[in-house]
Amino acid sequence: MDKDMSSITDRTKAFAVRIIKACSFLDEKPGVCRTLSKQLLRSGTSIGANVHESRSAQSDRDFLHKMEIALKEGRETEYWLEILIESEVVEKDKFDSLLQETKEIVRILIASTRKIKNRLNENKFSKLDATECN
């Protein structure tokens, strides 16, 4: 596994731990906090799970699929954090660093998926060129 993959795997795992702690805090509050906590917990921990699972991908396409799922979960996590902050259910200063980390992870996942898509497209075109030469 290359250094970049190890880095995003470790980072999303640490992020999942932070999400679990944030959701434990939210679960202590009554009402809507518990409902939103469940949504945040599911999406926030799913990012790292999918990145981790991508390490065992059977092909570049399978790897891309898992990373795209992680990206979708990242965007959903970003949404839930924004909702919690903007509705003033939580204090902005307590959750802002978590939101910033989510945005950084999403940017990394966007860059990774673009890189994989470009490689897949290059391979597709190089195979087409090879068959035309025959």
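Quick rundown of the values:
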| quantity | calculated |
| --- | --- |
| Residue in the range 2-22 that is surrounded by fewer than 16 Cβ atoms within 10 Å (Cβ to Cβ), outside any helix (DSSP H, G or I) and not basic (Lys, Arg) present | yes |
| The range 28-53 - residue that is at pLDDT below 95 and assigned to a helix (DSSP H, G or I) and, of those, surrounded by the fewest Cβ atoms within 10 Å (Cβ to Cβ) | Thr35 |
| Any hit, the range 55-67, residues being in contact with a Leu (Cβ under 8 Å, 6 or more places away or on another chain), surrounded by fewer than 18 Cβ atoms within 10 Å (Cβ to Cβ) and part of a helix (DSSP H, G or I) | yes |
| Filter result (of a type in the set (Ser, Thr, Tyr) and at pLDDT 95 or above) within the range 57-79 | Thr77, Tyr79 |
| Residues of the range 70-100 classified as more than 11 Å from Ser43 (Cβ to Cβ) and part of a helix (DSSP H, G or I), total | 15 |
| Subset of the range 67-116 (residues that are among the basic types (Lys, Arg) and under 17 Å from the mean Cα position of the chain (by Cα)) | Lys72, Arg75, Lys103, Arg107, Arg114, Lys115 |
| Residues being without any contact (Cβ under 8 Å) to a residue 24 or more places away in the chain and either surrounded by 15 or more Cβ atoms within 10 Å (Cβ to Cβ) or in contact with a helix residue (DSSP H, G or I) (Cβ under 7 Å, 6 or more places away or on another chain) (or both) - total across the range 97-111 | 1 |
| Any hit, the range 96-104, residues being of a type in the set (S, T, N, Q), touching a Ser or Thr at 6+ places or on another chain (Cβ under 8 Å) and closer than 24 Å to Ser24 by Cβ | yes |
| Number of the exception - Gly44 against (1) touching a residue at least 24 places away in the same chain (Cβ under 8 Å); (2) over 30 Å from Arg119 (Cα atoms) | (2) |
| Where a residue in the range 78-89 is over 14 Å from Val32 (Cα atoms) and its partner, wherever it lies, is part of a helix (DSSP H, G or I), with Cβ under 7 Å and at least six apart | Glu78/Leu99; Glu78/Thr102; Glu78/Lys103; Glu78/Val106; Glu82/Leu99 |
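The values are calculated or read from the model by the stated rules, or taken from the named source; none is laboratory data. Computed from a predicted structure; not experimentally measured. Methodologically, a virtual Cβ is constructed for each residue, glycine included, from the backbone with ideal geometry; neighbour enumeration extends over all protein chains shown.
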